[in-house]
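*Asks:* My structure is below; once you've seen it, I'll send some questions.
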Amino acid sequence: MANTWAFIRFNGAHDMGHVGYGFAIAPGQYTFGSVENPSGSPLVQPGANNGAWISTGSEQDMRAAMRRNAYDAYLCWDIPSTNPGAATQAAQATVGEGYSVIGDNCEDAVYHVLTAYGAQLPSPSAIGNASPNAWWAALENATQAAGGAP
């Protein structure tokens with residue numbers, strides 16, 4: 001089974017896309033989540049509800065949660081050296097950290113969580129990666145990951 005997962009809702013955030021993450025913490029067990037920003041505001045102050053959620057469960061649980069949250073597709077791949085503790089800390093830091101449409105959004109959260117885990121990912125701040133949909137295309141090219149519907 002793959003240990004690193006990314007999920008996308010292509011029509012999220014006014015058709016710019018929306019992404020979430022998943023990573024293995026033990027054989028058959030995953031931590032997964034996202035920053036949803038339910039208010040839709042371009043700025044959510046730290047401490048306010050940015051819609052971040054984190055869950056733990058099996059691959060089936062993870063995929064079911066992403067389907068319930070209307071994600072359209074996933075990428076999954078293996079990386080050889082992982083740090084589940086660092087990724088868990090990065091995921092927990094998303095709760096209450098606020099939200100900014102530029103520099104602190106769902107894409108940045110996924111990037112921080114999965115790079116803390118050990119993934120080598122294209123930067124969301126690179127030219128051409130400003131929207132989650134554009135970053136997803138760069139992610140597909142960079143990871144050569146398997147994919148499908150959650």
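Read-outs: derived from the displayed coordinates by stated rules, not from any lab. Fair warning: this is a prediction, and the values are worked out from it, not measured in the lab. Heads up, the Cβs are rebuilt from the backbone with ideal geometry, glycines too, and the neighbour counts pull from every protein chain shown.
*Asks:* How much net charge surrounds residue 37 when only the other residues with a Cβ under 13 Å from the Cβ of residue 37 are counted, with Lys and Arg +1 and Asp and Glu -1?
*Replies:* Charge balance near residue 37 sits at -4.
*Asks:* From the backbone phi of the range 97-102, what are the Karplus-calculated ³J(HN,Hα) couplings (6.51 cos²θ - 1.76 cosθ + 1.60, θ = phi - 60°) in whole Hz, Gly and Pro given as x?
*Replies:* These are the phi-based 3J(HN,Hα) values: 7, x, 7, 9, 4, 10 Hz.
*Asks:* Let me ask something additional. Want the number for residue 140 to residue 64: 0.36 nm per residue separation, take away the alpha-carbon distance, what's left?
*Replies:* 25.2 nm
*Asks:* Ok, one more. Please give me the summed charge of the neighbours of residue 76: other residues whose Cβ is under 12 Å from its Cβ, Lys and Arg +1, Asp and Glu -1.
*Replies:* Result for the local shell: -2.
*Asks:* With labels modelled as points extended 7 Å from the Cα through the Cβ direction, what inter-label distance (nm, one decimal) is found for residue 130 paired with residue 14?
*Replies:* That separation, rounded to one decimal, is 1.2 nm.
*Asks:* Shifting gears a bit: Would you kindly calculate the translational diffusion coefficient of the range 26-148, applying Stokes-Einstein with the Kirkwood radius from alpha carbon pairs, for 20 °C and a viscosity of 1.002 mPa s, and quote it in µm² s⁻¹ without decimals?
*Replies:* In µm²/s, the coefficient rounds to 143.
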